[in-house]
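Before any comments, here is the structure.
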Amino acid sequence: MALLNKNDHFHAWATGEFGRLTPPALTCEAVLTEAWHLLRRLPAGQLGLLKLLSRGLIEVRFSLFAECSAVVKLATRYANVPMSLADACLVRMAEIHAGSPVVTLDRDFSVYRTHGRQVIPLIMAADD
């Protein structure tokens, strides 16, 4: 998670983009789980993630239980990518919150579509 890792190549980009967002940034528990895993070796990284939640800067507004059939359809459609659970949940969130951009470094999001054909608005770092 580039936002919390000062040594990450994309840290400055992530910090700048996150600073431009109007809180809270919406996410899902699958994304938090991936971030928790990626931050496991970073001193205070996991704690930093929890602090973003506790301060209301990021907020979980997704129920996998309620959206499971839609997530299954997405995971099936993009099985060749392959699509992670976190990606499937974010694409479903993009369908629910139409027009809201997904902030990501994951290039697979340029392939994913909402409702089968609509491009997802992305905030993504330029290749360098």
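Per the Debye formula with a single identical scatterer at each Cα and no solvent contribution, what log10 I(q)/I(0) holds for the stretch 3-90 at q = 0.17, 0.18 Å⁻¹?
Per q value, in the given order, log10 I(q)/I(0) is -0.83, -0.91.
Need the full-extension length gain, A25 to N7, defined as separation in residues times 0.36 nm minus the C-alpha distance. One decimal, nm.
Stretched fully, the A25-N7 segment lengthens by 4.2 nm.
Principal axes first, then extents: for the Cα atoms of the stretch 48-128, list largest minus smallest coordinate on each axis, whole Å, largest first.
39, 36, 22
Can you list, by residue number, the Cys in the chain that have no neighbouring cysteine C-beta under 4.7 Å?
Isolated Cys, the chain: C68.
Which order results if M93, M1 are arranged by neighbouring Cβ count within 10 Å, fewest first? Intermediate values should be presented prior to the final figure.
Details: M93 20, M1 23.
Ordered from fewest to most neighbouring Cβ atoms within 10 Å, M93, M1 come out as M93, M1.
Pairing the Cα long axis of helix 29-38 with the longest principal axis of the chain, what angle in degrees results, from 0 to 90 and rounded to the nearest 10?
40
Read-outs: derived from the displayed coordinates by stated rules, not from any lab. Bear in mind the structure is a predicted one, so any value in this text is a computation, not a measurement. As a convention, Cβ positions derive from the backbone with ideal geometry for all residues, glycine included, and neighbour counts pool all protein chains shown.
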